[in-house]
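Remarks on the structure that follows.
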Amino acid sequence: MALRFLTRLMPHRLISNFPSSLSYPDQRVRFFSPKCSTSFQISSKFAEKSQYRERILLANLLQRYGFPPSHLHDFIGKNRFLLNCSLVDVEKSLGILLLFKISQKSIVSILSTCPGVLELGFLKKWEVGFSQLGIGNVSPMLIQSVLEHSIRFNIEPTDVCRCLSVLKDLGFSVQTVTKVIEGFPRVITMKLRDIEQRVDFLKGVRLPWKEIDGICYFFPMVLGLSVEDRLKPLFAEFGSLGFNANEVRNEIIVNPQILGMEVGELSRCVDLLKSLKCRLAVEEKILSKGALRAGFEVKSRVDCLCRHGMIPREAFKVVYKEPRVILYDLEDIEKKIEFLKLKMGFNIGCLVEVPEYLGVNFDKQIVLRYNVLEYLRSKGGLGCEVGLKGMIKPSRLRFFNLYVKPYPECEKIFGRFSRDNVVKPQRPVGLWKLFKPQSYPDTKEELRNIKIHMESVG
């Protein structure tokens, strides 16, 4: 027993008396042998090279399917789980997305928002699910909406089938059902009584079913609007502004998006219309289809400006200063703003100081003046920098005299008031002959009456 105790005690004392760290003046303590450290460094370098190779192969694969090279580094960095996936499975997943007839641009959009779509088992499940929906040709837009919504809310193909059945039983056409799921996929997770509540409200404002079907076709978001919090207060606002039921009903049929307005937005738009200071002809044209339609057009222009980075207060200010923007199509306004930001290099905030930019013709004034100034800037012909105000504010004749007339080569760019331009007559030559009064021969009785009249005068 004593011998066993001594054998246990001796190693313990040796270890306790041994110094915990040896201090050498010119040498560090190594806990691993040089051979072991070298092998660890080699294995780590090999792992780094292998991971780098995987990144290169994945980037080449995504780029082959239309992914922009400028976004590849950030995309792979944010979704490093793709490096652990098999490249063969990723390529099969991309192939299934192409079989769905989804465009490369849409594929990039899906991968940017929901990279989990690249899971092969997920796509195979939905490949079978889409074939069992009972719709003849499933549109690529519907597939994209369902896939993105499925990743976020864990939706199964059976949920989509149930939603299709509910919408068809309510009386919606197949085209409307497709549009609703494309534009408002959250309807898949809604309960039947919630959908019926929205439909019953539309029936309550005396809209025929054909028009309700059309409203849901063009504005599927109406099925997601709360009846108590959005639709009823909105119709109460219509009444407080003096619009009768027939006027509101007709406007909803023409522009179903008016149901998406926030409570109070229409009142602010109508107040702006009442305070407009513009020429009578412009005001009459704005209000030609009624104040309700004009208010909705104001709201559409404000939303367009806000989408490009302007705050609502500044957007209303721009529309107030330049009412002609209400008469221009949204496509034309978008084109002007894109040209302002991308081509001319100005900020959207410049429109607060120069709102006239949105009220002039794009091809005849904006593009021509910009081309003249760019040519003079490249040749060093501008004494000082010309801003947006200096380009838009001057009249056509003043701009011509300032920047075009002193430089003959600019006349071909500008076109208007050029010496080489031949002014075409507005009417064909000899048109005056058509307006020459027809001559009739004088009878003997008329000659006698004329003679008597002349003698009486003389």
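Where a number appears in this text, it was derived from the coordinates with a stated rule and is not lab data. No experiment lies behind these values; they were computed from the predicted model shown. Backbone-built Cβ (ideal geometry, glycine too); neighbour counts: all protein chains shown.
Between region 72-94 and region 377-407, what's the alpha-carbon centroid distance in Å?
About 53 Å separates the Cα centre of region 72-94 from the one of region 377-407.
Just need log10 I(q)/I(0) for region 119-171 at q = 0.21, 0.27 Å⁻¹, Debye formula, equal scatterers on the alpha-carbon atoms, no solvent, rounded to two decimals.
-0.79, -1.24
How long are the semi-axes of the equivalent ellipsoid of region 337-410, taking √(5λ) for every eigenvalue λ of the Cα gyration tensor, in whole Å from largest down? Kindly include the intermediate steps, with their values, before the conclusion.
On the way: eigenvalues 83, 37, 25 Å².
Each semi-axis is √(5λ); the values are 20, 14, 11 Å.
Only loop residues by DSSP count here, and only those with at most 14 other Cβ atoms within 10 Å; note down the GluC sites (Glu not before Pro) in region 247-308 that meet that. Could you put the intermediate results ahead of the total?
Working: sites: E247, E251, E262, E265, E283, E284, E297; in loops: E262.
Sites meeting the loop and neighbour criteria: E262.
Quick one: the Cα spread of region 147-291 along its three principal axes, in angstroms, biggest first?
Each principal axis gives a Cα extent; for region 147-291 these are 59, 31, 27 Å.
Roughly speaking, what is the stretch gain from S131 to E262, that is 0.36 nm per residue apart minus the C-alpha to C-alpha distance, in nm to one decimal? Walk me through the numbers before you get to the answer.
Working: separation 131, 0.36 × 131 = 47.16 nm, distance 3.90 nm.
Gain on extension, S131 to E262, equals 43.3 nm.
In nm, what is the difference between 0.36 nm times the number of residues separating F339 and K124 and their Cα-Cα distance? Don't jump to the answer; show the numbers that get you there.
Working: separation 215, 0.36 × 215 = 77.40 nm, distance 4.34 nm.
Using 0.36 nm per residue and subtracting the Cα-Cα distance, I get 73.1 nm.
So what is the relative contact order for region 149-236, in percent, with contacts set as C-alpha pairs under 8 Å and at least six apart?
Numbers: 57 pairs, mean separation 26.8, N = 88.
Relative contact order comes out at 30 percent.
Considering Cα pairs under 8 angstrom that are at least six residues apart, work out the relative contact order of region 42-189 and quote it in whole percent.
Numbers: 99 pairs, mean separation 27.8, N = 148.
That works out to 19 percent.
Reported to two decimal places, what Rg/Rh ratio describes region 274-422 when computed on Cα atoms with Rh from the Kirkwood expression? Provide the component values of the computation, followed by the final result.
On the way: Rg = 17.0 Å, Rh = 16.7 Å.
Ratio value, two decimals: 1.02.
So for the pair L72, K364, with labels modelled 7 Å out along Cα→Cβ, what separation do we get in nm?
Here the answer is 4.8 nm between the modelled labels.
For region 93-140, with equal point scatterers placed on the C-alpha atoms only and solvent neglected, what are the log10 I(q)/I(0) values from the Debye formula at q = 0.15, 0.25, 0.29, 0.31 1/Å, to two decimals?
The Debye formula, applied to the Cα set alone, gives -0.38, -1.00, -1.19, -1.25.
So what are the radius of gyration and Dmax for the Cα set of region 42-189, in Å?
Cα radius of gyration and Dmax of region 42-189 are 17.7, 69 Å respectively.
Filter K321/K343; K101/K125; K299/K336; K78/K341; K78/K179; K105/K336 down to the pairs with a C-alpha to C-alpha distance above 22 Å, please. If you can, show how the numbers build up before the last one.
Details: K321/K343 24 Å; K101/K125 17 Å; K299/K336 18 Å; K78/K341 29 Å; K78/K179 33 Å; K105/K336 24 Å.
Check vs 22 Å cut-off fails for K321/K343; K78/K341; K78/K179; K105/K336.
What translational D, rounded to a whole number of µm²/s, comes out for region 239-319 from Stokes-Einstein when the hydrodynamic radius is the Kirkwood one over Cα pairs, at 25 °C and 0.890 mPa s? Let's see the in-between values first.
Numbers: Rh = 13.3 Å.
In µm²/s, the coefficient rounds to 184.
Suppose each label sits 7 Å from its Cα in the direction of the beta carbon; what would the L225-E156 distance come out to in nanometres?
It is 3.4 nm.
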